[in-house]
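All of the numbers you see were taken from the coordinates with simple rules; none came from a lab. What you are looking at is a predicted structure, and each value in this text was computed from that prediction instead of being measured. Cβ placement follows ideal geometry from the backbone for every residue including glycine, while neighbour counts extend to all protein chains displayed.
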Amino acid sequence: MPDDADDVMGVITQQIEARFQMPLEDLRRAVTAAPRANTEATKVVHWYGLLTEAQGALETAEDALVAVLEATTSELDDPAMELAHQVNAAVAVRDGRAMVVNYVLDPNAPGKRGPGAWRGTAPAARRGPALPTTPPAVPSAPSAGIRGAAR
């Protein structure tokens with residue numbers, strides 16, 4: 001599976017380098033030297049670091065699972081199933097972090113061009129509520145006398 005991991009990390013690295021027009025290591029050094037100079041670069045470097053950690057955890061979990069599977073000749077036992085679940089969880093974390101990196105890199109992502117830029121609509125606060133916010137009118141009915149009440 002390392003080939004797939006290298007592909008995922010390689011593609012994201014290429015996207016980062018294309019976006020900032022510099023090698024990733026140079027970008028990391030620039031962000032370390034001046035973290036407030038470009039907030040987008042700082043976010044990308046931060047999330048790429050988290051993505052790298054998640055990829056490492058995934059590879060560790062995969063290696064542990066492969067070792068157990070190679071040693072098992074019968075049905076999968078509970079420890080092997082637990083390792084399989086750890087691999088699934090590690091994939092989910094890695095993929096989630098990759099999505100965040102891609103979101104930060106995409107200048108046209110929803111919510112990044114100001115309020116209402118997505119779909120070209122005005123912000124919800126300016127449009128009014130989607131549902132009525134006043135209670136419905138109660139139909140007027142002739143009042144019936146209450147028995148035993150003094151008139």
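What number comes out for the charge environment of LYS112, summing +1 per Lys or Arg and -1 per Asp or Glu over other residues with Cβ under 11 Å away?
Details: positive: ARG113; negative: GLU40, ASP106.
Here the count lands on -1.
Dividing the convex hull volume of the alpha carbon atoms of the stretch 32-92 by its residue count gives 69 Å³ per residue.
When Rg is the radius of gyration of the Cα atoms in the stretch 1-116 and Rh is its Kirkwood radius, what does Rg/Rh come to? Numbers along the way, then the final one.
Values: Rg = 17.8 Å, Rh = 16.0 Å.
My calculation puts Rg/Rh at 1.11.
Lys and Arg at +1, Asp and Glu at -1: add these up for the other residues within a Cβ distance under 13 Å of THR32 and post the number. Don't jump to the answer; show the numbers that get you there.
Details: positive: ARG28, ARG29, ARG36; negative: GLU25, ASP26.
My count for the surroundings of THR32 gives +1.
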